[in-house]
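Colleague: Take a look at the following structure, please.
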Amino acid sequence: MKNKLKKTFAFLVSLAFFLNFTLSFAVYAARNDIEAVKSGVNLELSANSACLMDFSTGEILYEQNADARAEPASVTKIMSLLLVFEALENDIIRLDDTVTASDYASSMGGSQIWLEPGEQMTVNDMIKEVAVVSANDCTVALAEHLAGSEEAFTARMNKRALELGMENTVFSNCTGLPTENHYTTAKDIAVMTRELLKHELIFDYTKIWMDSLRNGEMGLSNTNKLIRFYPGANGMKTGYTDSAKYCLSATARRGDLQLIATVMTAPTSNDRFNDAKKMLDFGFANFSVYNTTQVMLPEIRVKGGVKTHTTPVHALGSILIAKGRDKLVEAHPELPGFIEAPAKKGDVIGKIVYKIGDDVISETDVILDEDVRRVTFSDILKSIVSGTLLLN
C-alpha cells in the first residue's frame with residue numbers, strides 16, 4: 001500500500017513538473033512565436049518575387065525578393081478597382097450609374113469584352129467584367145467615367161500609391177498593358193490588395209466563378225482558378241503579358257484569418273497558382289488571429305452628458321499569433337471609471353493589454369461607439385417635465 005502511494009505521489013509530482021514546464025515553454029514561445037515560425041522558412045517558390053501578408057495587421061509572414069521591381073500586368077487593376085470602390089464609398093458614383101464606352105476605351109487590346117463605341121453598361125457590370133475577366137476596355141471606361149481620361153485617372157493611382165507607402169510603384173496606365181515606366185513589387189501589391197479588401201463589397205465580384213453579360217449572350221469565367229479550387233479563396237486578381245510573365249494577388253479567408261499572397265514573374269500560369277497555394281497553406285497552418293471583439297467590455301459611465309448613464313465602447317484591431325497560442329491569451333482592460341461629456345464617436349478612452357502569462361504580447365485601443373453631447377439647461381428642463389432627470 002505504501003509503495004503504491006509513493007508511486008502515485010511520484011507520478012503526480014512528475015505530472016505537475018511536466019505541466020509547469022509545458023506552460024513555461026508555451027509562454028516563452030508566445031514571446032517569440034511569430035518570428036520563430038517565420039525564420040528560416042523556404043517555400044521553394046518558382047516565381048522571382050512573392051509576398052505573404054496578414055490582412056488584419058499588415059504583417060509580412062513570408063517574402064522572397066518582395067521589393068524587386070517588375071511589371072504587374074493586369075494586377076495593376078487592383079489599384080484601379082480601389083479608386084472605384086473609394087468613389088462608391090464617398091458617393092461620387094453609384095453602382096447603377098451608366099458608363100458609356102468611348103472610342104479609346106473600346107480600342108483596348110488584350111483581355112476585353114469587346115465594348116462597342118457608345119455602348120453603355122452600369123458601374124456594377126463594369127466592375128464585374130474587370131474583376132472576373134480582367135477587361136481592359138471596361139477598366140478604361142471606368143477610369144474615364146471617374147476622372148475624365150485615363151491619364152488623369154492614372155495620376156490619381158500614383159497619388160494613392162504614395163499615400164499607401166508604395167515607394168517602389170509607378171503606374172503609367174490603369175490596365176497593366178505593356179508600357180514604359182510601369183512597375184511595382186510583390187510587397188506593394190500586397191499593400192494595395194489589403195486596402196481594397198477593406199471594401200467588403202469587392203468579394204461580391206471576386207468570388208464569382210461563372211457568370212454572363214449582355215443578357216446571357218457572353219459567358220464569363222474567372223481568370224483566378226483558386227476561387228474554385230482552393231478552400232477559402234475569395235479573390236483577387238491575375239495578370240499576364242509576355243514581358244511581365246504570370247502574376248497573381250491571391251486572397252483567402254479561413255475563420256478570422258484573411259491572407260494575401262502575391263506572386264510576380266512566375267514562369268507559367270500553374271506556377272503562380274501553386275506558389276500562392278504554398279504561401280497560403282503555410283499561413284493557415286502556422287498562424288491565427290485573436291479577435292479583439294470577443295472581449296466583453298462594460299459600458300462606460302458618462303458625467304455631464306445627455307447620455308446619462310452609460311455609453312458603449314469596443315476594442316480596435318486584431319492580434320496575429322502563432323496557431324494554437326490564442327487559447328493562452330488573456331485580456332486585461334484598462335478603462336476609466338467614467339468619461340465627461342462632450343465626447344465623440346471614435347474617441348480613445350482606454351486600452352486593453354493582452355498577455356500570455358506575465359508577458360505583454362499586444363495592446364489595442366478602446367473607443368467610443370457613439371457621440372455624447374454635453375447636457376444643457378434646456379435638456380435639464382425637458383427632463384424634469386418628462387420625469388427623467390439628466391443630472392449625474
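Colleague: If you go through region 41-68, how many residues are in a loop (DSSP other than H, G, I, E, B) and surrounded by 16 or more Cβ atoms within 10 Å (Cβ to Cβ)?
Modeller: 10
Colleague: Right, here's the next one. Restricting attention to region 172-188, does a residue exist that is small (Gly, Ala, Ser), under 18 Å from LEU52 (Cβ atoms), in contact (Cβ under 8 Å) with a residue 24 or more places away in the chain and surrounded by 19 or more Cβ atoms within 10 Å (Cβ to Cβ)?
Modeller: yes
Colleague: Can you tell me how many residues within region 145-171 are in a loop (DSSP other than H, G, I, E, B) and either at pLDDT below 95 or crowded, with 21+ Cβ neighbours inside 10 Å (or both)?
Modeller: Step one: of region 145-171, the residues in a loop (DSSP other than H, G, I, E, B) are 148-149, 164-169, 171.
With either at pLDDT below 95 or crowded, with 21+ Cβ neighbours inside 10 Å (or both) added as a condition, the list becomes 166, 169, 171.
Counting residues in region 145-171 that are in a loop (DSSP other than H, G, I, E, B) and either at pLDDT below 95 or crowded, with 21+ Cβ neighbours inside 10 Å (or both) gives 3.
Colleague: Residues that are without any contact (Cβ under 8 Å) to a residue 40 or more places away in the chain, out of contact with any Pro (no Cβ under 7 Å at 6 or more places or on another chain) and assigned to a strand (DSSP E or B): does region 269-284 have at least one?
Modeller: Checked against the condition, which is being without any contact (Cβ under 8 Å) to a residue 40 or more places away in the chain, out of contact with any Pro (no Cβ under 7 Å at 6 or more places or on another chain) and assigned to a strand (DSSP E or B), region 269-284 yields no hits at all.
Colleague: Shifting gears a bit: Please go through region 285-321 and give me each residue that is over 19 Å from VAL41 (Cα atoms), among the polar types (S, T, N, Q) and in contact (Cβ under 8 Å) with a residue 40 or more places away in the chain, ordered by number.
Modeller: THR292, THR308, THR311, SER318
Colleague: Still on this structure: Here are some conditions: (1) in a helix (DSSP H, G or I); (2) surrounded by fewer than 21 Cβ atoms within 10 Å (Cβ to Cβ). LEU196 meets all but one. Which one does it not meet?
Modeller: It is condition (2) that LEU196 fails.
Colleague: Looking only at region 241-265, how many residues end up being within 25 Å of GLY110 (Cβ to Cβ) and surrounded by fewer than 21 Cβ atoms within 10 Å (Cβ to Cβ)?
Modeller: Count: 3.
Colleague: What single numbered condition from (1) modelled with pLDDT under 95; (2) over 24 Å from the mean Cα position of the chain (by Cα); (3) of a type in the set (Gly, Ala, Ser) fails to hold for SER56?
Modeller: Tallying (1) modelled with pLDDT under 95; (2) over 24 Å from the mean Cα position of the chain (by Cα); (3) of a type in the set (Gly, Ala, Ser), SER56 fails exactly one: (2).
Colleague: Just the residues that are of a type in the set (Gly, Ala, Ser) and at pLDDT 95 or above, please, taken from region 181-218.
Modeller: Residues satisfying the conditions are ALA186, ALA190.
Colleague: State all residues of region 125-149 that are free of Cβ contacts under 8 Å to residues at least 12 places away in the same chain and within 16 Å of SER107 (Cβ to Cβ); if no residue qualifies, say none.
Modeller: Scanning region 125-149 gives a single hit, SER149.
Colleague: Right, something else. Pull up region 322-350, narrow it to residues that are in contact (Cβ under 8 Å) with a residue 40 or more places away in the chain and farther than 27 Å from SER288 by Cα, then point me to the one that is surrounded by the fewest Cβ atoms within 10 Å (Cβ to Cβ).
Modeller: Of everything passing the filter in region 322-350, ILE349 is surrounded by the fewest Cβ atoms within 10 Å (Cβ to Cβ).
Colleague: List every residue pair whose Cβ atoms sit under 7 Å apart, with the two residues 6 or more apart in sequence or on different chains, where the first one lies in region 98-124 and is free of Cβ contacts under 8 Å to residues at least 60 places away in the same chain and the second, anywhere, is polar (S, T, N, Q) and assigned to a loop (DSSP other than H, G, I, E, B).
Modeller: PRO117/SER102
Colleague: Which ones in region 292-309 are in contact with a Ser or Thr (Cβ under 6 Å, 6 or more places away or on another chain) and either assigned to a strand (DSSP E or B) or crowded, with 18+ Cβ neighbours inside 10 Å (or both)? Talk me through it step by step, then tell me what you get.
Modeller: The first filter runs over region 292-309 and keeps only residues in contact with a Ser or Thr (Cβ under 6 Å, 6 or more places away or on another chain), leaving 292, 299-302.
Result: THR292, ILE300, ARG301, VAL302.
Colleague: If you take the residues in region 199-243 that are of a type in the set (A, V, I, L, M, F, W, C) and closer than 21 Å to VAL123 by Cβ, which one is farthest from the chain's Cα centre (by Cα)?
Modeller: Restricting to residues being of a type in the set (A, V, I, L, M, F, W, C) and closer than 21 Å to VAL123 by Cβ, the top hit is MET218.
Colleague: Tell me which residues, restricted to region 199-219, are part of a loop (DSSP other than H, G, I, E, B) and touching a helix residue (DSSP H, G or I) at 6+ places or on another chain (Cβ under 7 Å).
Modeller: HIS199, LYS207, ILE208, TRP209
The values are calculated or read from the model by the stated rules, or taken from the named source; none is laboratory data. All values reported here derive from a predicted model rather than from experimental measurement. All Cβ positions, even for glycine, are placed from backbone atoms using ideal geometry, and neighbour counts span all protein chains on display.
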